[in-house]
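Working notes, beginning with the structure itself.
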Amino acid sequence: MQLWILRHGQAEPYSGYDAGRALTAAGRLQVEEILRRQGPQIDTQGLEIWTSPFLRARQTANLATEILQSPIVRETDLLVPEANARELLEELYRTSSEKVLLVSHQPLVSLLLDILCGQSGQDHSMTTASLAAVTCEVPAADMGQLQWLAHPR
């Protein structure tokens, strides 16, 4: 399985309703920049995009669909900030897709990288609009190989 993990772009400040925070103009530019730079390394043939239902993640996923020409296949609570990473891995294990782009939030994105790729001293910190590529035979703990982790410029 090939996974790409994308953290949403910069969002509006917290104002009491976290799920409704939108991307800022700078956040949109971050996402566009990282996807245009790293997008050619993403095999879009058969790619599924899964996204958190939070507004900023959906907006990020919409930008990904435009740039990568791949549809959003699934909106899931398994990608909200405080979701259980192991439950997400179980769902990925059950999917028939071989290529998935996950659009999510901190702390889930870094935790997911830690679980998949182990905590071998690699820095799995993801800033807004960071994008990681992970290859794994099975989406399970310590089964992933981090191919690259890119941050917006």
| field | Added length on full extension, which subtracts the Cα-Cα distance from 0.36 nm per residue, Arg36 to Asp18 | value | 3.7 nm
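Please give the length that would be gained between Arg94 and Glu137 if that part of the chain were fully extended, namely 0.36 nm times their separation in residues minus their C-alpha to C-alpha distance (nm, one decimal). List each step's numbers first, then the result.
Details: separation 43, 0.36 × 43 = 15.48 nm, distance 1.31 nm.
Full-extension gain reported as 14.2 nm.
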| task | Please work out the ratio of the alpha-carbon Rg of the stretch 1-55 to 2.2 N^0.38 Å and round it to two decimals. | result | 1.31
| Residues listed by number, the stretch 59-88, amide nitrogen under 17 Å from Gln147 label point at 7 Å toward C-beta | 68-70
| field | Semi-axis lengths, Å, the stretch 6-96, gyration tensor of Cα atoms, sqrt of 5 times eigenvalues | value | 21, 19, 9
| query | In nm, to one decimal, how far is the modelled label at Arg86 from the one at Ile67, with both set 7 Å along Cα→Cβ? | reply | 3.4 nm
| request: Calculate one ³J(HN,Hα) per residue across the stretch 92-101 by plugging θ = phi - 60° into the Karplus curve 6.51 cos²θ - 1.76 cosθ + 1.60, and present them in order as whole Hz with x for glycine and proline. | output: 5, 4, 7, 6, 8, 6, 9, 9, 9, 9
| said: Given N residues in the stretch 41-153, what is its alpha carbon radius of gyration divided by 2.2 N^0.38 Å? | reply: 0.98
| remark: Here the relative contact order (percent) of the stretch 20-61, from C-alpha pairs under 8 Å and at least 6 apart, is 64 percent
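Coordinate-derived values only; no laboratory data. Note that this is a predicted model, so its numbers are computed, not measured. No Cβ is skipped: glycine too gets one built from the backbone with ideal geometry, and neighbour counts run over all protein chains shown.
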